[in-house]
Each structure stands twice: as structure tokens, then as C-alpha cells.
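So the structure is just underneath, and the comments pick up after that.
Laboratory data are not the source of any read-out in this text; all were calculated from the coordinates shown. Worth saying up front: this structure is predicted, and the values here are computed from it rather than measured. We place every Cβ from the backbone using ideal geometry, glycine too, and count neighbours over all the protein chains shown.
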Amino acid sequence: MTTHRERRIAKAGRLHGWAQGREARAETELERAEQMASLIALGQPILVGHHSEGRDRRYRGRVDGLFTQAQEDKAKAAEFERRAEGIEAELAGSIYSDDPDAVQALEERIAGLEAERTRITSYNASCRRGAPDLSLLQEGLRRGLVDVQRIGMGRADGSLPGYVLSNLSGNIRRNRKRLEELRAAAGG
């Protein structure tokens, strides 16, 4: 039986394969359209009323159709690639319940979140003392705080708003509950 992670990896692989197939098909259609278009004399108008008018319009229609289909195939290939990359990005940060190391990974995630909460609490305390210590924050949070302060939307003392700690505590609580469920499932 395959795990959820293995199924997601397989899907990403299929999407990459489909994207390559669509890209190859688009290239073939584009080459064929360019080859067909090269047979039309440069600037040659459709001879209205001439016996060749219908055949010429159909030929030009096929050339136009090939260009359009090549463009649609390229767009579909880009969509498949985007979806595959999204799955791969999701896999990088996900902990699936059927992963063999799910319990350990969740414990590490909870420890990281608790350490982040401690750093934010220490930073907010330094702000209340009047000497904000940005070195306590992780790079992404520090950059976001500097941007918020720069546009004048931050708090007067420079501290992080209360919802940041509330959201973080909620994530810790949610992960702890999931960890308990995984331990109960593994033990029972």
C-alpha cells in the first residue's frame, strides 16, 4: 500500500511528464505551422473571386489553427508545471499521518514553534523596555516588521501585534492535538 506522500510524489511526476509531452507537441505544431506559413508568399493576398480562394482560406485557417493549438499546448504545459511545483512545495513542508517519522517530525515542528513564540515574547518585552532587539526575530518576521514600520502601520513601541502570538499559540495547540492523535493511533 502506498503512502499519501508517495501518491503526491507520483502525481507531481505525472504532471511533469504531461507538461513535457504538451511542450513537445507544441514545438512540433509550431514547426509545422511555420513550415506551412513559409509556403505562402510574403504579402500574398487572398485572391477574392479566384478559383483558389476557398482552398487558400482553408490552408491559412489550418496554419492559424496550428499556431493557436501550439499556444494552447504551451499554456497547458505551463499550468501542469505550476501544479507540479505546487505539489512539490506542499510536500516540502507537510507532515502526513502515514509518514514513518510523522511523530518525530511533529515534535520537531512543535519545538520550533515554541522557540519562535519565546523569541517573539522576548522581542515584545525588549520593545516595552524601549530598546527593540530585532536580532531576536527570524529573518522573515524581521523583514515583515521593518516593512510594516516603514509604511507607518506598526505599533508605536515597535512590538508585534497580539494576534501574532495568538495565531502561533493556536498552531502549537493544533499540532499538539494532532501529535496526541498520532501517538494514540500508533499505540492502539
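Quick notes on this one:
- Relative intensity of the chain on a log10 scale, I(q)/I(0) at q = 0.08, 0.14, 0.18 Å⁻¹, equals -0.58, -0.94, -1.13, per a Debye sum over C-alpha point scatterers of equal strength in the absence of solvent.
- Relative to the longest principal axis of the Cα atoms of the chain, helix 139-150 runs at roughly 90 degrees.
- Choice from Leu141, Leu113, Leu91 with maximal GNM fluctuation in the chain (Cα, 10 Å cutoff): Leu141
- Taking the chain as a Gaussian network of alpha-carbon nodes connected by springs under 10 Å, the highest mean-square fluctuation of the residues Arg58, Arg82, Arg119 belongs to Arg58.
- Helix 4-38 and the longest principal axis of the C-alpha atoms of the chain enclose an angle of approximately 30°.
- Take every pair of alpha-carbon atoms less than 8 Å apart whose residues are at least six positions apart; their mean separation over the length of the chain yields a relative contact order of 24 percent.
- Taken along the Cα-to-beta-carbon direction at a fixed 7 Å, the label points for Glu72 and Ile9 span 3.6 nm.
- Comparing Gln104, Thr121, Gln35 along the charge dipole axis of the chain, the residue lying farthest to the positive side is Thr121, per the Cβ-charge model.
- Where labels lie 7 Å past Cα in the beta-carbon direction, separation of Arg55 and Asp98 in nm: 6.1
- Ser135-Arg176 FRET efficiency (beta carbon distance; Förster radius 35 Å; 0.05 resolution): 0.75
- Helix 162-187 vs. the chain, principal-axis angle (Cα, 0 to 90°, nearest 10): 90
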